[in-house]
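Below: one structure, written as structure tokens.
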Amino acid sequence: MAHLRLLLSHSRCHPHPHRLLPLFRFTTSNSGDPPPPTIKPVSYAPKPQPPPEEAPRPDAPSAGPDWQDQPTRRFEQQPPNPPRQFTRQEVRFVKDAGPAIAPVSYPSRVAPLPEDRPAEEGAGQGVNEQDLRGEAERIEKNAERARRSVFGVPVEEETVPYPSLIPVAKRPQKVAIDLVDALREIKTSANEKKRNFTETVEAHVMLGVDPRRGDQMVRGAITLPHGTGKTVRVAVFAEGPAAEEARAAGADVVGGDELIEEIRKGGGKLSFDKCIATPMFMPRLSKVARILGPRGLMPNPKLGSVTNDVSGAVKAAKSGRVDFKIDKTAIVHVGLGKINFSEESLRENIGAFVNALLLAKPVGLKKTSKYVGYVKKFTLSSTMGPGFPVTIPSLSAAADDYSRAHVS
């Protein structure tokens, strides 16, 4: 039957008779070809159809115009969809999809009070006796530990108190005093303790500059009116007439290239305290710069130790020339005489140093006064004695007296 339907449909589409010949091969059973495969019908589930709408009855009155009989629009309220059932793996990625868990509350547990416990006869006495017995054993053990015996001799341990913090008592700051009073205090403290040497009166000045900046470097030299009180050995690097002039002025060591070789091969041993050189010897001193530089002996034109006037430089060094320079902590340390000097001589030396310190004040340090912001603290002390801060007005008076007497 299926072959016949296929033949009829093919004849309608193709009316030529010669094209129908291949189709008769399927219907003839005498041919040697294998029979065609059986075609099984395929059935699909019928598509669900919406329920038919009921036609309005003719006798029913019309409730409105014809546009109200149209089907329901999209914006009208639709019936709510039933909740979707998620799988177990989908529930992990969906918020509030699982079943709601009701909070569980447990009854609070309260320990029974001693008066609520049932009283037992004789229980209270047994507990008290046991506690007392344990306390007595503990006390006996502590007493045995305190009474140790060493070689049969009983030794009692000392009771060490519990460590406690001891507050650190800060030293009271010393009040600045007048310059003359400070010199008297230094002499008194030095005479109380006898030394095997004559102490030096030292000045330590804290300045308000920044030593890391090149424009605020404080450096200078001054010849003290009454000298430093110690013998200074002077070495001069010169040749020819300059060497003869240095020997006549009182130089201890005079030489040229042979002196440089002696310093280089001497292993750091030096027989002088000051160095003076002529300008022609400065390039040659580079061989011993690593030896003289760290000790502060390298000649410097700013300090007057590199000059052609060799005799004047030697006399100034012998008479008490002092070089000063600021250190990394913005403090200047300098010796201004011996403790056996008179108070007036020490005051003049201090005035000369303060005057030179004001002349070495950096130009970039702009302050309203000569001392305000520049000299923060001035302290005098002996070599091994305490320090005494000095007031700025007394220092200013000593510097003014020196400038009027010597500079003018």
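Among the numbered conditions (1) within 29 Å of Leu358 (Cβ to Cβ); (2) buried (at least 19 other Cβ atoms within 10 Å of the Cβ), the only one that Ala242 does not meet is (1).
Search the range 193-205 for residues that are closer than 12 Å to Thr383 by Cα and pair each with any residue that is in a loop (DSSP other than H, G, I, E, B) and open to solvent by 50 Å² or more (accessible area, probe 1.4 Å) when their beta-carbon atoms are under 7 Å apart and the residues are at least 6 apart or on different chains. Listed pairs, sorted by first residue: Arg195/Met384; Thr198/Asn340; Glu199/Thr383; Glu199/Met384; Thr200/Thr383; Glu202/Thr383. Filtered by the rule that a residue be part of a strand (DSSP E or B) and without any contact (Cβ under 8 Å) to a residue 60 or more places away in the chain, the range 234-258 gives Ala235, Val253, Val254, Gly255. Val332 falls short on exactly one of the conditions (1) aliphatic (A, V, I, L, M); (2) assigned to a helix (DSSP H, G or I); (3) at pLDDT 90 or above, and that condition is (2). Close Cβ contacts (under 8 Å, 6 or more residues apart or on different chains) running from residues in the range 117-143 that are modelled with pLDDT of 80 or more to residues that are surrounded by 10 or more Cβ atoms within 10 Å (Cβ to Cβ) are absent.
If you check Glu185, Glu261 for being part of a helix (DSSP H, G or I), touching a residue at least 40 places away in the same chain (Cβ under 8 Å) and either more than 30 Å from Met384 (Cβ to Cβ) or of a type in the set (D, E, K, R) (or both), only one passes: Glu185. Which condition number in (1) open to solvent by 20 Å² or more (accessible area, probe 1.4 Å); (2) touching a residue at least 60 places away in the same chain (Cβ under 8 Å); (3) farther than 20 Å from Val205 by Cβ; (4) among the small types (Gly, Ala, Ser) is the one that Ala317 fails? Condition not satisfied by Ala317: (1). From the list Val306, Val322, Val363, which residue is open to solvent by 20 Å² or more (accessible area, probe 1.4 Å) and touching a strand residue (DSSP E or B) at 6+ places or on another chain (Cβ under 6 Å)? Criteria check complete, one pass: Val306.
The values are calculated or read from the model by the stated rules, or taken from the named source; none is laboratory data. Nothing here was measured: the structure is a model prediction, and the numbers come from that model. Cβ sites come from the backbone with ideal geometry, for glycine too, and all protein chains shown count toward neighbours. For accessibility, only protein heavy atoms count, side chains too; no ligands or nucleic acids. Shrake-Rupley method; radii C 1.70, N 1.55, O 1.52, S 1.80 Å.
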